[in-house]
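See structure below.
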Amino acid sequence: MQQRKKSSKKVTSWEVVGAQLAEFRRSAGLTQPQLADTAKVGEDTLASIEQGRRRLKADLAELLDTILNTKRALATAVSKIPDRERYPAFAQEFVEHEQEALTLLSYQNHVIPGLLQTPEYVEQIYANLFPPLSSEATEVAIRARLDRQNLLHREPPPVMNFIIEESVFQRHMGNPDGMRRQIRHLRKCADLPFIGIQVMLTATDAHAGLAGPLVLLETPDHDHLAYAEGQHNGFLMDDPDEVSAYQQRYGMLRSQALSPQRTKSLLNTLLE
């Protein structure tokens, strides 16, 4: 009987920092509610930080060092987090696989796929986050998003296909000129030999992707992964049965969406 191959989950720096915080808190004889109350943060926020699901911000790290008398141990640890881990903890493993992928298949229903966004479109996305990020956190997040696009210049590049809902083009992120530049960028990307772009029309009788956004990856070791992201969480799956179901769903989506050639024509019409 063939065994399923499971990828070992990598421990992130944020999980290590979170574990340190939890140990410091226990050593100080404090419960999570007590420390959260003293630091004036939500108990859920503190729990997420200790579990490595939320990044510990520099100013909060300094405050916790003061409360726990840990002599800047947390602030120093946060300052040493590698650039590649600037992403939310739940997305870090996905981003690492994304940058090495042989093939990448994406379906998005609310925004232009991140790998194809213009800088001003990215800025508008983060400007619409609620609760809003600090200016420093926003700058870091924007730079991290744009750095992911280096994948398009990799040699050899991955083979990629993007399916985008037609309604995404009706939602102007920023001013109309900025959206026009975003569509023009998409049109240029559609001519790249390793990229296919398809639009899913709103007036369609069948739709296999109603469950939400989806990304499928093939790794250099030819493992197949699926990634589904919701609000402030994401799930990377490598179970063959689960991934196969997502692959079947994506295959149906490709058949229901406009062909790449007809999508180019639609983009041309939008630009006119």
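The values are calculated or read from the model by the stated rules, or taken from the named source; none is laboratory data. Just so it is clear, the structure is predicted and the values come from calculations on it, not from any experiment. Cβ coordinates were reconstructed from backbone atoms using ideal geometry, including for glycine residues, and neighbour counts include every protein chain displayed.
Taking L104 as the residue in question, decide whether it is in the same structural domain as H153 (by TED's automatic domain parsing) and modelled with pLDDT of 95 or more.
Yes, satisfied.
If S167 passes every condition in (1) buried (at least 16 other Cβ atoms within 10 Å of the Cβ); (2) touching a residue at least 40 places away in the same chain (Cβ under 8 Å); (3) under 27 Å from Y126 (Cα atoms) but one, which one does it miss?
Condition (1) is where S167 drops out.
Give the residue that is nearest to T76 (Cα to Cα), with candidates limited to residues of segment 7-31 that are surrounded by 16 or more Cβ atoms within 10 Å (Cβ to Cβ) and modelled with pLDDT of 90 or more.
Residue satisfying both the conditions and the ranking: V17.
For A203, indicate whether it is of a type in the set (G, A, S) and assigned to a loop (DSSP other than H, G, I, E, B).
yes
Each row is one residue, and each column tells you yes or no for (1) within 18 Å of the chain's Cα centre (by Cα); (2) without any contact (Cβ under 8 Å) to a residue 60 or more places away in the chain; (3) outside the structural domain of Q170 (by TED's automatic domain parsing).
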| site | (1), (2), (3) |
| --- | --- |
| R55 | yes, yes, yes |
| D65 | no, yes, yes |
| E98 | yes, no, no |
| H110 | yes, no, no |
| Y121 | yes, no, no |
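Can you tell me how many residues in segment 32-45 are touching a residue at least 24 places away in the same chain (Cβ under 8 Å) and either buried (at least 19 other Cβ atoms within 10 Å of the Cβ) or closer than 18 Å to A137 by Cα (or both)?
Looking only at that region, the number is 1.
Do you know which residues across segment 215-246 are surrounded by 14 or more Cβ atoms within 10 Å (Cβ to Cβ), touching a residue at least 40 places away in the same chain (Cβ under 8 Å) and not in a strand (DSSP E or B)?
Within segment 215-246, T219, D223, D238, P240 qualify.
Could you tell me whether E98 is in contact with a strand residue (DSSP E or B) (Cβ under 7 Å, 6 or more places away or on another chain), charged (D, E, K, R) and at pLDDT below 85?
no
If you go through segment 251-272, how many residues are closer than 13 Å to A206 by Cα and in contact (Cβ under 8 Å) with a residue 24 or more places away in the chain?
Matching residues across segment 251-272 total 6.
Among the residues of segment 155-166, is there at least one that is in a loop (DSSP other than H, G, I, E, B), outside the structural domain of R55 (by TED's automatic domain parsing) and either of a type in the set (F, W, Y) or touching a Lys or Arg at 6+ places or on another chain (Cβ under 9 Å) (or both)?
no
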